[in-house]
Amino acid sequence: MPKLTLSLIKADVGSIGGHTKPSKRMMDSVNHEVAEAQKRGLIIDGFVSHTGDDIAILMSHTKGEGNVQIHQFAWNCFLKATEIAKSYGLYGAGQDLLVDAPSGNVRGAGPAVAELEFEHSLKSPRAAESFMMLAADKCGPGAYNLPLYLGFADPMYCAGLMLPNMIKGFTFHIIDMDNTGGDSIIQLNAPEDAYKIAALLRDNERFGIDSIYSRTYDEKAAAVSAQRLHSIAGKYTGKDDPIAIVRDQGIFPAPEELISPFAKAHFVGGDARGSHVMPLMPVPLNTAVTGMYCLPIVACVGFSVNKDGYFSDSYADFFDGSSWDEVRRRAQVKGIEMRSQGWSGAAMLPYTELEYSGFRDTVGGLVKQFAFRDGHRAGAAAEVAAAKKS
Ligand code: 13P
Ligand code: MG
Ligand code: MG
């Protein structure tokens, strides 16, 4: 077959009683559209799921990355689900559809996109094709920076890196998400550039992994949706809630090597109003965001792909089951600890992140009222950094 493409496109287009989960009718509608697209041959296979309030459409096809038909199809699925959300009065109907109608592909229009194209011959070195799909809610696109770095560049997590298939390491394509002029990317090689990679990826709010490539086989291993909704909208419209596709096994790390870093439940930016620093809790697919706070969550499921590009008839849910209960408990404890200091310091995101939300108006209004000790005001109000786009 020609090259196979996996496209994962997700959007939050409304949810029940807050930012919790999409309704059943919305999910039914997207599932119906995907089944129809499969029947008419637009896609080979499709799979619809939700993580918190985000609906993700996973598709296999032969049209390549950034294909307009595929992207427009996903956009129309989200439009139909938005109509349902509106008619039932759901919260945030159409939240992530930030432009009226994208003319081409939906990158930069609101929905998150992760795509991966590869030769699908099922010959060596990929005698079997398996991949995982990751979807996170209530967090920024840098949420995968640490776990993917550890999975693809640190033999303490991925002992497979010491094997001949992987010992040359992986190339990280890292995107500067602050650059709104276009996709501005640097390529750095692990292991020799490991410290440089870490120096960028430590900043989850500015730099994100865009993709990862095998240096031995020049094969794309991972694709991440690294874009900032606030850079598109110019204001806070909801958190970015990143998705990713990661090919695994053989010439790539194994699922267990890739998911073990998530046992940290590391702190990420997100949570309620996208304003806090809270732990990322691994959860089964199709989990609603409920409970105290608005804990960032991540789901990860695995599929196999047959010779014709069809997904396995069921998936492996990597964050389901009792082995993750302890991690979930620890995430909850970490969350309670962090929230016990409320708004203070490290518990909330820095002002540069919050400036896109109403915090800017509150702080800006107060800054205008400052005066020097002798009472004069001229020059006393330090400029509150302007949002990058308004
Ligand atoms: P979402 O980005 O998932 O819609 O959440 C937004 C929010 O502000 C939750 O408090
Ligand atoms: Mg929402
Ligand atoms: Mg969401």
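The values are calculated or read from the model by the stated rules, or taken from the named source; none is laboratory data. Note that the structure is a prediction, hence the values are computed from the model and not measured. Methodologically, a virtual Cβ is constructed for each residue, glycine included, from the backbone with ideal geometry; neighbour enumeration extends over all protein chains shown. Accessible surface is based on the protein model in full, side chains and every heavy atom, while ligands, DNA and RNA are left aside. Shrake-Rupley method; radii C 1.70, N 1.55, O 1.52, S 1.80 Å.
List of remarks:
- Yes/no for Ala194 being under 20 Å from Ala136 (Cβ atoms) and either touching a residue at least 40 places away in the same chain (Cβ under 8 Å) or open to solvent by less than 30 Å² (accessible area, probe 1.4 Å) (or both): no
- Positions within region 234-281 being within 16 Å of ligand 3 (Cβ to nearest atom) and over 16 Å from Ala135 (Cα atoms), in sequence order: Tyr236, Thr237, Ala272, Arg273, Gly274, Ser275, His276, Met278
- Taking the numbered list (1) more than 16 Å from ligand 2 (Cβ to nearest atom); (2) part of a strand (DSSP E or B) in turn, Ala136 passes all entries but (1).
- Selection within region 94-117 - without any contact (Cβ under 8 Å) to a residue 12 or more places away in the chain and under 24 Å from Thr62 (Cα atoms): Ser103
- In region 58-92, the residue that is farthest from ligand 3 (Cβ to nearest atom) out of those that are among the charged types (D, E, K, R) and either out of contact with any Asp or Glu (no Cβ under 7 Å at 6 or more places or on another chain) or in contact (Cβ under 8 Å) with a residue 60 or more places away in the chain (or both) is Lys63.
- Scanning region 50-92 for residues that are surrounded by fewer than 20 Cβ atoms within 10 Å (Cβ to Cβ) and small (Gly, Ala, Ser) returns Gly64, Gly66, Ser87, Gly89, Gly92.
- Residue count, region 201-228 (criterion: outside any loop (DSSP other than H, G, I, E, B) and among the acidic types (Asp, Glu)): 1
- Residue check, Thr352 hydroxyl-bearing (Ser, Thr, Tyr), at negative phi, part of a helix (DSSP H, G or I) and within 26 Å of the chain's Cα centre (by Cα): yes
- Among the candidates Ala114, Ala143, Ala101, residue that is in contact with a Ser or Thr (Cβ under 7 Å, 6 or more places away or on another chain) and either in a loop (DSSP other than H, G, I, E, B) or buried (at least 20 other Cβ atoms within 10 Å of the Cβ) (or both): Ala114
- Some residue of region 283-292 being away from ligand 3 (no atom under 16 Å from the Cβ) and assigned to a loop (DSSP other than H, G, I, E, B): yes
- Enumeration of residues in region 30-57 that are touching a residue at least 24 places away in the same chain (Cβ under 8 Å) and away from ligand 3 (no atom under 16 Å from the Cβ): Glu33, Val34, Ala37, Leu42, Ile43, Ile44, Asp45, Phe47
- Residues of region 158-165 include none that is over 23 Å from Ile57 (Cα atoms), in contact (Cβ under 8 Å) with a residue 12 or more places away in the chain and touching a strand residue (DSSP E or B) at 6+ places or on another chain (Cβ under 7 Å).
- Within region 244-272, tally of residues that are in contact with a Gly (Cβ under 9 Å, 6 or more places away or on another chain) and of a type in the set (D, E, K, R): 3
- The residue list Gly358, Gly309 contains one member that is more than 26 Å from Ile232 (Cα to Cα) and not aromatic (Phe, Trp, Tyr), which is Gly309.
- Criterion: outside any helix (DSSP H, G or I), out of contact with any Phe, Trp or Tyr (no Cβ under 9 Å at 6 or more places or on another chain), of a type in the set (Gly, Ala, Ser) and modelled with pLDDT under 95 - qualifying residue of Gly238, Gly309, Gly250, Gly342: Gly238
- Looking across region 1-49, the residues that are in a loop (DSSP other than H, G, I, E, B), at pLDDT 95 or above and more than 16 Å from ligand 1 (Cβ to nearest atom) come down to Lys3, Arg40, Gly41, Leu42, Ile43, Ile44.
- Check on Met1, touching a His at 6+ places or on another chain (Cβ under 9 Å), open to solvent by 60 Å² or more (accessible area, probe 1.4 Å) and away from ligand 3 (no atom under 14 Å from the Cβ): yes
- Every residue from region 251-264 that is surrounded by fewer than 21 Cβ atoms within 10 Å (Cβ to Cβ) and either under 15 Å from Ile167 (Cα atoms) or among the charged types (D, E, K, R) (or both): Ile251, Ala254, Glu256, Lys264
- The residue that is farthest from the chain's Cα centre (by Cα), counting only those in region 236-250 that are within 8 Å of ligand 1 (Cβ to nearest atom) and crowded, with 24+ Cβ neighbours inside 10 Å, is Lys239.
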